[in-house]
Amino acid sequence: MKVVFLNLITVGMLIFPLGAKNLPMTAEEQDSLTPDQVLADLMAGNGRYVKGKTTDANIQARIAEAVKGQYPQAVILSCLDSRVPVELIFDQGIGDVFVGRVAGNVENGDQLGSMEFATMVAGSKLVMVLGHESCGAVKGACDDVKMGNLTGLLEKIRPAVESVKGFEPDERTSANSDFVQKAVEANVRHTVKDIRQSSPLLAEMEENGRIKIVGAVYSLHDGSVRLLD
């Protein structure tokens with residue numbers, strides 16, 4: 001058999017591949033998955049990453065096979081931060097996931113258009129907004145930093161920062177790690193909400209069960225990903 005699945009998830013009587021395998025996902029494999037199964041796959045992959053037991057994929061075979069087409073199972077909007085290597089932390093390989101990156105994991109028209117392409121055209125079943133601990137962009141928004149083109153980006157994060165409750169005025173700074181963490185989570189939730197509101201196409205796909213839109217936060221300390229309600 002040409003493809004060897006190193007890890008499997010069983011749903012009913014069907015068996016689905018988990019994580020990076022020897023070859024990229026096929027159209028048939030992508031089509032057979034539900035949004036919940038894709039989410040379970042990513043979280044299982046993160047579990048392997050945390051334990052240091054990631055899949056040893058055949059890179060050269062994947063490169064050659066990916067030339068024929070791509071059928072990623074998810075699209076992930078992540079922060080620009082170099083400490084958050086998205087494919088690695090979910091144990092995914094070439095052709096498995098789309099990744100959009102921008103400081104503070106905020107959405108704009110370009111990111112929304114990319115998500116619509118990933119789901120409506122390329123068949124991805126999951127949209128994830130992935131924030132992370134100690135996000136520099138969120139810290140900048142906490143301190144209302146003004147700096148060139150970064151100013152406009154941080155202004156997109158400010159509503160999430162301002163929505164955080166339970167802190168005195170002098171506690172609402174980047175020096176307060178508890179406040180920053182709450183702002184990071186609020187920013188992820190804010191982006192998820194904006195995606196649904198700003199893209200009727202994605203919102204309709206989610207309502208019809210074709211995709212799922214979720215938010216999560218990555219831990220710089222232990223490499224784990226935590227889903228947000």
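Read the figures in this text as sums done on the coordinates, not as results from a lab. These numbers were taken from a predicted model, which means no experiment stands behind them. Glycine also receives a Cβ, built like all others from the backbone with ideal geometry; neighbour counts cover every protein chain displayed.
Of all DSSP bridge pairs formed entirely within the range 8-227, close to 30 percent run antiparallel.
At q = 0.12, 0.22 Å⁻¹, what log₁₀ I(q)/I(0) does the range 87-223 have when each alpha carbon counts as one equal point scatterer in the Debye sum? Per q value, in the given order, log10 I(q)/I(0) is -0.51, -1.32.
Which value in deg cm²/dmol, rounded to the nearest 500, describes the helix-derived mean residue ellipticity at 222 nm for the chain, given -39,500 (n - 2.57) per DSSP H run of n ≥ 4 and division by the residue count?
On the way: 9 runs with 94 residues, N = 229.
Mean residue ellipticity at 222 nm (helix-derived): -12000 deg cm²/dmol.
With a/c under 1.5 counting as rounded, go ahead and sort the range 46-94 into rounded, prolate or oblate using the C-alpha gyration tensor (a ≥ b ≥ c being the square roots of the eigenvalues; past the cut-off, prolate if a/b is larger than b/c, else oblate). Cα axes put the range 46-94 in the oblate bin.
Please give the charge dipole size of the range 23-145, origin at the Cα centre, charges +1 on K and R Cβ atoms and -1 on D and E Cβ atoms. Round to the nearest 20 debye.
Working: 9 positive and 17 negative charges, 69 e Å.
Value, rounded to 20: 340 debye.
Taken over the range 21-171, lysine pairs spaced eight or more positions apart, or on distinct chains, with alpha carbons under 20 Å apart number 8. As a length-normalised measure over Cα pairs under 8 Å and 6 or more apart, the relative contact order of the chain settles at 20 percent. Cα convex hull, the chain: 134 Å³ per residue, rounded to a whole number. The magnitude of the dipole of the range 8-227, with charges of +1 and -1 set on the Cβ of Lys/Arg and Asp/Glu and taken from the Cα centre, is near 220 debye.
Quote the Stokes-Einstein diffusion coefficient, in whole µm² s⁻¹, for the range 84-142, based on the Kirkwood radius over alpha carbon pairs, a temperature of 10 °C and a viscosity of 1.306 mPa s. Before the final figure, lay out the partial values.
Numbers: Rh = 12.9 Å.
Stokes-Einstein gives a translational diffusion coefficient of 123 µm²/s.
Compared with the dominant principal axis of the Cα atoms in the chain, helix 177-198 is inclined by about 60°.
Here the range 123-141 and the range 182-229 have alpha carbon centers that stand 8 Å from each other.
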